[in-house]
1. With respect to the numbered conditions (1) closer than 30 Å to A:Leu75 by Cα; (2) not assigned by TED's automatic domain parsing to the domain that holds A:Tyr32, which one is the sole condition not fulfilled by A:Leu128?
2. Say whether the condition of being surrounded by 15 or more Cβ atoms within 10 Å (Cβ to Cβ), within 14 Å of another protein chain (Cβ to nearest Cβ), among the aliphatic types (A, V, I, L, M) and part of a helix (DSSP H, G or I) is met by at least one residue in the stretch A:248-256.
3. Out of all the residues in the stretch B:17-36, which are small (Gly, Ala, Ser), within 14 Å of chain A (Cβ to nearest Cβ) and touching a strand residue (DSSP E or B) at 6+ places or on another chain (Cβ under 6 Å)?
4. Could you tell me which numbered condition A:Lys249 fails, if it satisfies all but one of (1) in contact with a strand residue (DSSP E or B) (Cβ under 6 Å, 6 or more places away or on another chain); (2) farther than 30 Å from A:Val154 by Cβ?
5. Tell me whether the stretch A:133-150 contains one or more residues that are under 44 Å from the mean Cα position of the chain (by Cα), of a type in the set (A, V, I, L, M) and assigned to a strand (DSSP E or B).
6. So if I check each of B:Asp160, B:Asp107, which one is over 17 Å from B:Val50 (Cβ atoms), surrounded by fewer than 20 Cβ atoms within 10 Å (Cβ to Cβ), more than 12 Å from the chain's Cα centre (by Cα) and within 14 Å of chain A (Cβ to nearest Cβ)?
7. Could you say which residue among A:Phe405, A:Phe385 is closer than 14 Å to A:Val450 by Cβ and either under 39 Å from the mean Cα position of the chain (by Cα) or surrounded by fewer than 16 Cβ atoms within 10 Å (Cβ to Cβ) (or both)?
8. Among what's in the stretch A:279-308 and is away from chain B (no Cβ under 13 Å) and not charged (D, E, K, R), pick the residue that is surrounded by the most Cβ atoms within 10 Å (Cβ to Cβ).
Amino acid sequence: MAAPKLPRSDREVDLFFRLSRDLLAIADFKGYFQRVNPAWEQALGWTPEELLARPYLDFVHPDDRESTLAEAAKLTTGAVTITFENRYRSKDGSYRWLQWNSTPLTERGVIYADARDITHLKQAEEQLHRYAAEISDLYNLAPCGYHSLDPQGVFLRINDTELKWLGYKREEIVGRKRFPDLLQPDSLKLFEEAFAGFKRRGWVRDLEFELVRKDGTHLPIVINSTAVYNDAGEYVMSRSTVFDNTDRKALERMKDEFISMVGHELRTPLTSMRTALGLLASGRVSNSPEKVQQMLAIALDETDRLTRLVSDMLDLQRLELGRFKLLPQACDAAELVHQAADALQPVAEKAGLRLEISAQSAPLRADPDRIVQVLTNLLVNAVKFSPPGTTVRLSSEQRGAEAVFRVADEGPGIAPELGERIFERFRQGQSEARARGGMGLGLYICRAIVGQHGGRIGVESAPGQGSAFWFTLPVQKEGAS
Amino acid sequence: MSRLLVVDDDEHLRTVLAALLEAAGHSVATADDGAAALERLGREKFDLMVLDVWMPRMTGLEVLARIKALPAPPKVIMLTADDTPDTLLGALREQAYTYLSKPFDPDTLLGRVDEALGARPEALPIEVLSARPSWVELLVPCQLEVADRIQGFLKRLEADLPEDVRESVGLAFRELLLNAIEWGGKLDPNRKVRIAYLRTPRLLLYRIADPGAGFRFEGLDHSALSNPAEKPLQHIETRQQKGLRAGGFGILMSKAMVDELLYNEAQNEVVFVKYLDTKKPAT
């Protein structure tokens, strides 16, 4: 089809229409394109004929049809369209985002429209959103608290984690509270000094504070911050990370308690030894061979007690470092029970207790010294907590694939709320336990030894009902070595 | 022969302490816990009790609190393996004579026992006005031996401080307390000196208020403080003339030992401060 001969100005307009990089179209009020420029084919792949053959709505993304119809209806009333966006289907089935500017000529029933492919902008925008969401996720849901403080110490922002720790809503904090408003009164001074220095220096490391939650409870934290300055070198805000320090504080407390307990446990035997030996050295008892013997016996006993304490602590050290080595060999449950009972019999007798043994055989592959150590530890505990005249029962039996050992006493029992915690490090059952001595390492060591053998350990007890500690070891199958 | 009761749940310690005290010529009975001790004390009279703090069923501090109801309670020497301020202040509050932490030199125990047995009965008890580790406040009778006891207790509260700090503070406190008891209280056991010990992370503050009318530095010719520069030991002669105990370096020495030393206008109250943070405040 030869192009109709047009006047020069019309020819130029026509050329402009055909060369435009924008998608230009003339549409009627019935929903059809009347004319489209070649840019359409470049953008969507459809030929002008294909685009003109169907209502343009056919090409619009189903989700955008409603808004497109509304926009078209608006145009028929004479209103112009500015930057309306919808998606058009390309010939390859993908969709392109188009941004429309359109002007209707109502008296002629046509719309002059130009559209621009903004798909790349949309994609960039989407990516930006995704990125922002990712950053916000990293900020808000990080496993530590984040916040920023302005020069007055007022919160500029705070993340969800820290808000959750504190029990506040963001709007209660940001722009409203100064960081020191959340502090324990006695750390206010520390904060003001640290904050002034921080603004000058630009960093602060491992500052410990105690925050007060909305419900009034306390939260120990560690803060690290760096400062943001503007071009003039003035402090703008902080970037602060906040870590929950509860566990570390608890550990510190436990360590302190442990050290004082070790102190206590070492000091009493040392005092006895010092006094006994001092008395011997002074010659004040040399006229009584009996007294001399007694003092020597006590000094010896206390030496053994200190040795046991030290080896418990070394065991603990090895357990912590994973250097606790087992020397497994074939042995029998009943034999181990008898060994432990023989060792403890004199102690039980001295404490006025009856030791009742019921030893059933079960073939084991275990480190016999370590298992006897566990049994001895449990027996020492039972003896320590039993009133005179009561019975301590020690037994072993085979139950299926397991050997079960039991040490039961008729002592005061263990409060149920203590439960499994008595097997933790540096735990003692009751305040009375402290008075009775013991460092709270025994059960922890027992659990570690039994665990390394592939067994389980537990306790059945109620206050006033005595306690029964038990542990299991896997039975050695016949013929296996 | 004095009657002594040794109370400790540790059988060995009980045995060796009894042997030690018997060898020193005392008559000794033992009890293995607080309840047994109280029962024994209800039946017999003892001059002195050596009492462990941590025992099952009833702690030594509880025993101490209960014996005050006895018609003639024994003097008490507390033994403990922990030096926590709570235990220490508890012992002080309940009028323990003194406090030994394990392990101790047996001779030290014997010395303290003799000291306690020989001590005059106090005209007035030591009153504990505050027993917080950060604020201890006491009213003590104006007796010289009380100064040593109080210093013994307070020294333990400073166990975590560097030795040089403890030593200088201890010397200053002792001198100033002796001044208060001797000059302010005229060694009158019916009058009292008020002592406050305040402890913060950054400073240690002592305040000693005596019941006297105060003094003037001008009249202090028995003190090294008033010596003319060319005769730095003139006060010693003065003291000999006046029949005073050797010493008199108190205020001068104390000034050198602490960071701040202040007297009130009447000069019957003294406050001194030792800074605990290494950097001294800008002056």
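The values are calculated or read from the model by the stated rules, or taken from the named source; none is laboratory data. What you see is a predicted model, and the numbers here were worked out from it, not measured in a lab. Here Cβ is always computed from backbone atoms with ideal geometry, including for glycine, and neighbour counts include all displayed protein chains.
1. Failing condition for A:Leu128: (1).
2. no
3. B:Ala18
4. (2)
5. Among the residues of the stretch A:133-150, at least one is under 44 Å from the mean Cα position of the chain (by Cα), of a type in the set (A, V, I, L, M) and assigned to a strand (DSSP E or B), which makes the answer yes.
6. B:Asp160
7. A:Phe405
8. Here the residue is A:Thr307.
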